[in-house]
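Student: Sharing a structure with you now.
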Amino acid sequence: MNDSKFKKLAKNAVSDIAKKYHVPVATIILEPIMNNKFIKVNCTQKECPHFAICAQIPTEIVSFNNELKPIKFLFVGQGGGAEEDEQHRPFIGLAGQRLRIIIDTLQTKFIKKRFNFALSNTVRYHPNSNAVPSSRDLKYCFKYLIRDVKFLNPEYLVALGKNVNDTMSYFNIGATLHNFHGTLWESVPSLGCRPMLLTYHPSPRNAGMKITNTIARDIYNTYMGNNAITISEHLVKKYR
């Protein structure tokens with residue numbers, strides 16, 4: 001499928017979904033035929049210094065077969081936003097709504113098949129001023145992502161943004177995703193050295209159909225097996 005046809009279909013598909021739910025695209029939270037389940041954090045004040053401010057945002061499983069598995073993709077963001085903190089649920093703010101629209105559009109208009117997926121974050125609360133989580137922050141939260149990955153055993157991890165990539169793989173891509181989005185990397189051993197797709201975060205700062213289409217195409221190509229061979233951690237170490 002060429003780029004122009006993909007962009008046209010994607011634009012029409014998002015418009016169709018907006019009409020279906022009778023709301024503007026920016027306010028859509030899609031949950032068609034979903035049997036959602038959540039994996040709670042359950043950390044304690046003793047083990048985490050952020051306990052008083054932590055929303056303990058869980059990992060959400062979006063299932064279409066009333067089963068927890070198999071999970072095709074586990075989408076991972078940096079941390080929750082204000083809406084996620086308030087409602088104790090991942091990816092329900094504007095960025096999350098946008099991601100859910102992209103996934104639903106791919107399932108219904110392009111792949112034409114439902115697949116189970118999950119949503120999570122490297123830290124389970126809203127970092128002050130959307131700051132990049134420090135190594136200290138990750139020390140207390142990342143173990144819960146490791147636990148959830150081991151439990152869910154997703155076919156692919158999806159790193160939403162360069163900061164998440166830098167946390168979940170050995171390779172620091174530098175300042176931009178431009179030359180690396182849509183590629184598959186090997187995650188760190190604690191996450192099972194499994195294939196990890198790198199793409200843009202669906203943040204309002206990345207607003208526009210161009211980035212939306214790029215995220216959709218990256219996920220679509222991964223599902224269809226059109227990506228390059230996974231870049232191994234051993235190759236990355238060699239050239240660090």
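Rule-based calculations on the coordinates, nothing more; no lab input. As the structure is a prediction and not an experimental result, all values here were calculated from the model. As a convention, Cβ positions derive from the backbone with ideal geometry for all residues, glycine included, and neighbour counts pool all protein chains shown.
Student: Under 20 Å from a label point 7 Å along Cα→Cβ of I53: give me every residue in region 129-148 with its amide N that close.
Tutor: From region 129-148, the list is 129-144.
Student: How much FRET efficiency would the formula 1/(1 + (r/R0)^6) give for T176 and A82, where r is the Cβ-Cβ distance and R0 is 22 Å, rounded to 0.05?
Tutor: Calculated transfer efficiency: 0.25.
Student: Just check region 76-203 against the gyration tensor rule for me: Cα atoms, a ≥ b ≥ c as the square roots of the eigenvalues, rounded for a/c under 1.5, and otherwise prolate or oblate depending on whether a/b exceeds b/c.
Tutor: In terms of gyration-tensor shape, rounded.
Student: Once R0 is set to 22 Å, what does the formula 1/(1 + (r/R0)^6) return for the Cβ-Cβ distance between I111 and N65, expressed as a FRET efficiency to the nearest 0.05?
Tutor: On the way: r = 15 Å, r/R0 = 0.70.
The value I calculate is 0.90.
Student: Between N153 and N36, how many nm apart are label points set 7 Å from Cα along the C-beta direction?
Tutor: 2.6 nm
Student: Let me ask something else about it. Given the pairs K113/K210; K69/K143; K40/K210; K109/K143, which span a C-alpha to C-alpha distance of over 28 angstrom in this model?
Tutor: K40/K210; K109/K143
Student: Need the C-alpha centroid separation for region 73-133 versus region 197-223, integer Å.
Tutor: 12 Å
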